Every structure is written in structure tokens, then in C-alpha cells.
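Peer 1: The structure follows.
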Amino acid sequence: MIKKFVTIFCISIFQVIGYSQTNHLFESLEEALQVHPDSVYRLDLSRASLKEVPKEIFNFKNLRELDLSKNKLTELPNQFVFEKLEVLHLTKNKLEKFPKVICKNKNLKQLFLGKNRISEIPECIGELSELVIFDIWFNTISVIPDSITKLRKLRSFDLRGMNYSDEFQKEWRDKLPWVTIQFDVGCDCGI
């Protein structure tokens, strides 16, 4: 009986330790580099004045959440592919084009690209079949590809901060009836 109790206790402790490791948020690259790369699941590099993505992050193969918001990024490198990445924050950077390499991160569930300078969402967005939240507010989006209708798990699509006509808004609400789309008040602006 004691053996069984000890075994159950040890399993419980290992589960708690495992959960705490996957839930730990590393708040700097320096902090993340202090541990084994496989134990970095969540990394916050926001507000770090980054002009490019640090190469060291590509060692973190188990990365599930990455926050690169409030930096000065203008692009993402071609190797920006993480097999397990589920949450990506790129809000408030200097991206002028939607980085197509994002579409190679097939497990993304939440994508935040608000307050950049992006004017077009590429066709490859339809490849992100796990996407639930797509936040791209306050950009200059004039083109939304029909491939976005393939995203059957999508539930939230934020397009606030941009001027769209009532007709445009109705068209996209009709195309994505399962999605809550956030628009500003419609305008007489032709888009």
C-alpha cells in the first residue's frame, strides 16, 4: 500500500513539475538561454527594440508561445518555422508585408499582427487550419483572400481601425458566418 502511495505521489509531483515548466514564461532571451533549449515553451521578447529576430530562438524547438510585439521588426527570416508554435504576437512592429513564412507554422491557433503597415493578407493564410484568433487591426488591409474561408476553426477576426464599406463588411460576414468579425462603423469609402 505504501509503495502504491509513493508511486502515485511521485507521478503527481512529476506532472506538476512538467506543467510548471510548460507554463513558465521566459521574459528575456538571456533568461531562456540559462536553461536547456527544449524546456523553453513560452518566450516574451516584447519591448526589446528588436530590429531582427534573434537567431538563438531557433534552438527552442518546443516553443508554443512567442511574443515579439512592440519591437521594430520589418520582416521575419525564412527559418521562422516552429513545429509546435500556437500563439504568435507581432503587434506594433514595422511590418509592411504579411510575412508568408508565418503560414508554415501549421499549429498556430492565435495570430496577432495589429498595428503594423500590412496592406494584404496572402493566399497562404488558408493553410493555417488550426487558427482560432486572427487579430490584424489597424493596418491598411485592402485585400482579403478567399482562402481564409478554409479556416473552419476561426472564431475571431479583428479588422478594426480600417475603413470598409457596409457592402464589404456584409460580404465578409456572409463568407465567414461562423466567425465574429470586428469592424469599425462602415464608410462610403469604396472598399
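The values are calculated or read from the model by the stated rules, or taken from the named source; none is laboratory data. Keep in mind that this is a model prediction, so the values were computed, not measured. A quick note on method: Cβ atoms are made from the backbone with ideal geometry, for glycine too, and the neighbour counts reach across all protein chains shown.
Peer 1: Under 9 Å between Cβ atoms, at least 6 apart or on separate chains: pull out the pairs that start in segment 153-180 with a residue that is free of Cβ contacts under 8 Å to residues at least 12 places away in the same chain and over 21 Å from Lys115 (Cα atoms) and end on any residue that is outside any helix (DSSP H, G or I) and hydrophobic (A, V, I, L, M, F, W, C).
Peer 2: From segment 153-180, the pairs are Arg173/Val179; Arg173/Ile181; Arg173/Phe183.
Peer 1: Only residues that are more than 25 Å from Ser129 (Cβ to Cβ) and more than 25 Å from the chain's Cα centre (by Cα): list them for segment 169-191, please.
Peer 2: The answer is Lys170, Val185, Gly186, Cys187, Asp188, Cys189, Gly190, Ile191.
Peer 1: Residue by residue through segment 37-55, note down the ones that are farther than 19 Å from His24 by Cα and β-branched (Val, Ile, Thr).
Peer 2: Val53
Peer 1: Same structure again: I'd like to know if segment 56-71 contains one or more residues that are under 24 Å from Ile144 (Cα atoms) and not aliphatic (A, V, I, L, M).
Peer 2: yes
Peer 1: Can you name the residue in segment 140-171 that is touching an Asp or Glu at 6+ places or on another chain (Cβ under 6 Å), outside any helix (DSSP H, G or I) and within 17 Å of Pro99 (Cα to Cα) and, of all such residues, is modelled with the highest pLDDT?
Peer 2: By that ranking, first place goes to Pro145.
Peer 1: Against the condition touching a residue at least 24 places away in the same chain (Cβ under 8 Å), closer than 29 Å to Leu154 by Cβ, buried (at least 17 other Cβ atoms within 10 Å of the Cβ) and of a type outside the set (Asp, Glu), how does Val53 come out, does it pass?
Peer 2: Numbers: touching a residue at least 24 places away in the same chain (Cβ under 8 Å): yes; closer than 29 Å to Leu154 by Cβ: yes; buried (at least 17 other Cβ atoms within 10 Å of the Cβ): yes; of a type outside the set (Asp, Glu): yes.
Answer is yes for this residue.
Peer 1: Quickly run through segment 29-52 and pick out the residues that are closer than 22 Å to Leu95 by Cα and among the small types (Gly, Ala, Ser).
Peer 2: Hits for segment 29-52 are Ser46, Ala48, Ser49.
Peer 1: Out of (1) hydrophobic (A, V, I, L, M, F, W, C); (2) in contact (Cβ under 8 Å) with a residue 40 or more places away in the chain; (3) not in a loop (DSSP other than H, G, I, E, B), what's the single condition that is false for Trp137?
Peer 2: (3) is the only condition that Trp137 fails.
Peer 1: Sticking with this one: Inside segment 135-191, can you point out the residues that are surrounded by 14 or more Cβ atoms within 10 Å (Cβ to Cβ) and on the phi > 0 side of the Ramachandran plot?
Peer 2: The answer is Phe138, Gly161.
Peer 1: Another question, then. When you check Leu90 against the structure, is it under 26 Å from Val185 (Cα atoms), of a type in the set (A, V, I, L, M, F, W, C) and surrounded by 18 or more Cβ atoms within 10 Å (Cβ to Cβ), yes or no?
Peer 2: On the way: under 26 Å from Val185 (Cα atoms): yes; of a type in the set (A, V, I, L, M, F, W, C): yes; surrounded by 18 or more Cβ atoms within 10 Å (Cβ to Cβ): yes.
It is true that Leu90 is under 26 Å from Val185 (Cα atoms), of a type in the set (A, V, I, L, M, F, W, C) and surrounded by 18 or more Cβ atoms within 10 Å (Cβ to Cβ).
Peer 1: Can we say Trp178 is in a loop (DSSP other than H, G, I, E, B) and either at pLDDT 95 or above or over 26 Å from Glu127 (Cα atoms) (or both)? Working first, answer last.
Peer 2: Details: in a loop (DSSP other than H, G, I, E, B): yes; either at pLDDT 95 or above or over 26 Å from Glu127 (Cα atoms) (or both): yes.
For Trp178, the condition - in a loop (DSSP other than H, G, I, E, B) and either at pLDDT 95 or above or over 26 Å from Glu127 (Cα atoms) (or both) - is met.
Peer 1: Restricting attention to segment 101-117, which residues are of a type in the set (A, V, I, L, M) and either surrounded by fewer than 20 Cβ atoms within 10 Å (Cβ to Cβ) or closer than 20 Å to Tyr41 by Cα (or both)? Full working, then the answer.
Peer 2: Restricting attention to segment 101-117, the residues satisfying the condition of being of a type in the set (A, V, I, L, M) are 101-102, 108, 111, 113.
Val101, Ile102, Leu108, Leu111, listed by residue number.
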